[in-house]
């Protein structure tokens with residue numbers, strides 16, 4: 001069986017986004033809202049771009065194309081106005097077939113958590129009573145149901161990781177669709193203008209929730225700017241130099257060369273075409289080009305068994321190994337930038353920060369002393385990650401910062417990923 005070479009594959013895929021190929025190690029989120037990337041997720045950013053983001057972040061100047069805003073820790077929902085009626089969605093199918101208030105409320109009836117049910121129901125009721133009061137001019141942004149306001153529901157009685165002390169619906173921006181549930185574009189500007197229009201009409205305050213625009217984060221220059229700039233730029237240089245790349249090279253070249261090296265080390269005698277197939281499968285999530293079922297007939301039973309064993313048992317560990325230096329770099333950078341940030345949605349961030357610190361220390365110690373082996377291992381792994389990016393003292397009561405660079409909406413989350421995992425283990429044992 002003749003496989004496409006890596007270069008031939010890329011040519012064939014020029015009109016497709018490689019993010020759609022499958023479970024690439026560089027894609028970690030999903031849902032109707034789409035994937036909001038960390039900088040290290042974006043394959044077409046260059047090492048030079050990384051350096052610009054690092055310097056700007058430490059300078060407190062992530063306002064490349066618009067003001068940096070807070071990424072909050074709530075529940076996501078979409079709303080639109082179609083034929084004068086407010087409608088709702090949570091996934092792609094519902095973007096195509098919007099739900100009215102009654103249908104949306106029924107969706108959550110009997111939910112295991114009454115607080116989750118209340119969050120969505122109360123928010124939908126408030127939105128149903130306010131959005132359709134906007135002027136015809138303001139309603140044009142919804143294109144009669146094709147475009148959706150992406151928003152976060154923050155209900156103080158139903159916290160996730162971070163506890164908030166007010167009930168708000170934070171508008172993020174408009175998701176444009178083709179009418180078939182497919183998102184074809186973004187426009188963040190209406191989040192602010194529609195929230196302002198609702199405030200002017202005095203319909204922004206509902207029975208339970210208050211509508212707010214994206215929360216602009218105030219960023220200050222890092223006190224150790226020169227020291228930390230040198231530290232992070234050095235890390236980028238070390239990654240770039242590993243494969244003799246340049247500032248103008250896209251970071252995807254690093255990942256391709258890392259995977260080529262890994263495949264060569266584990267399967268040196270494999271025919272080149274099949275090495276290319278494994279590269280596509282493991283580095284880019286393309287599980288179609290290389291047919292694993294017919295592999296034994298094509299490369300031999302023993303070699304095929306070794307490939308399949310690696311694919312089943314080792315690939316996730318290798319994917320984490322591949323992305324880890326980039327992930328650690330930007331999570332640590334985020335934790336430092338967030339230390340210099342203020343104006344969070346949490347009204348008393350110092351108090352919430354101390355609560356998070358105390359809870360993680362106390363609960364993690366309990367699990368380490370009396371938890372099951374698997375739980376203890378997971379907790380230790382996340383605590384190690386937390387230490388690599390600044391430790392418990394670097395935890396800030398926010399999910400992170402959202403900024404736009406080269407037309408891409410990205411996030412810096414600092415310690416949130418680690419504490420989110422830790423809280424999951426603490427709450428649910430997993």
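Below are the figures for this structure:
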item: Area projected by the alpha carbon convex hull of the chain, averaged over all directions, nm²; result: 23.0
item: Estimated distance in nm for a label pair at residue 244 and residue 102, the labels positioned 7 Å out from Cα along Cα-to-Cβ; result: 7.1
item: 19 Å tail of the calculated P(r), the stretch 130-195, as % of Cα pairs; result: 42
item: Calculated FRET value between residue 355 and residue 66, using beta carbons and R₀ = 35 Å, to 0.05; result: 0.65
item: Where Rh is the Kirkwood radius over Cα pairs, Rg/Rh for the stretch 344-430; result: 1.04
item: FRET efficiency estimate (nearest 0.05) - Cβ-Cβ, residue 75 to residue 374, R0 45 angstrom; result: 0.95
item: Likely footprinting exposure, 402, 379, 161, fewest C-beta neighbours within 10 Å first; result: 161, 379, 402
item: Extension gain from residue 180 to residue 406, taking 0.36 nm per residue of separation minus the Cα-Cα distance; result: 78.6 nm
item: Kirkwood-based shape ratio for the stretch 73-212, expressed as Rg/Rh from alpha carbons; result: 0.94
item: Nearest 10 degrees, 0 to 90: helix 301-313 Cα axis against the chain principal axis; result: 30
item: Where labels lie 7 Å past Cα in the beta-carbon direction, separation of residue 227 and residue 189 in nm; result: 4.3
item: Helix 189-200 vs. the chain, principal-axis angle (Cα, 0 to 90°, nearest 10); result: 20
item: Rel. contact order, % - alpha carbon contacts under 8 angstrom, at least six apart, the chain; result: 23
item: The chain: most fluctuating residue of 108, 232, 416 per GNM, C-alpha cutoff 10 Å; result: 108
item: Crossing angle, helix 315-339 versus the chain [Cα axis fit, 0-90 degrees, rounded to tens]; result: 40
item: Point-to-point label distance, residue 113-residue 297, nm (Cα→Cβ direction, 7 Å offset); result: 4.9
item: Relative contact order computed over the stretch 73-212 (Cα-Cα under 8 Å; 6+ residues apart), in percent; result: 27
item: Size descriptor, Kirkwood hydrodynamic radius, that averages inverse alpha-carbon separations across the stretch 95-155, Å; result: 12.9
item: Per residue convex hull volume, Cα atoms of the stretch 250-295, in Å³; result: 69
item: Exposure proxy ranking, count of Cβ atoms within 10 Å, fewest first, for 148, 259; result: 259, 148
item: Burial ranking of peptide ranges 203-209, 335-341, 367-373 (average Cβ count within 10 Å, highest at the top); result: 335-341, 203-209, 367-373
item: Cα-based Rg and Dmax for the stretch 275-389, where Dmax is the largest Cα-Cα distance (Å); result: 21.3, 64
item: Sequence of 410, 353, 99 once ranked by neighbouring C-beta atoms within 10 Å, starting from the fewest; result: 99, 353, 410
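Every number in this text was worked out from the coordinates using simple rules, so none of it is lab data. These figures come from a predicted structure and were not determined experimentally. With ideal geometry, Cβ positions are generated from the backbone for all residues, glycine too; neighbour counts draw on all protein chains shown.
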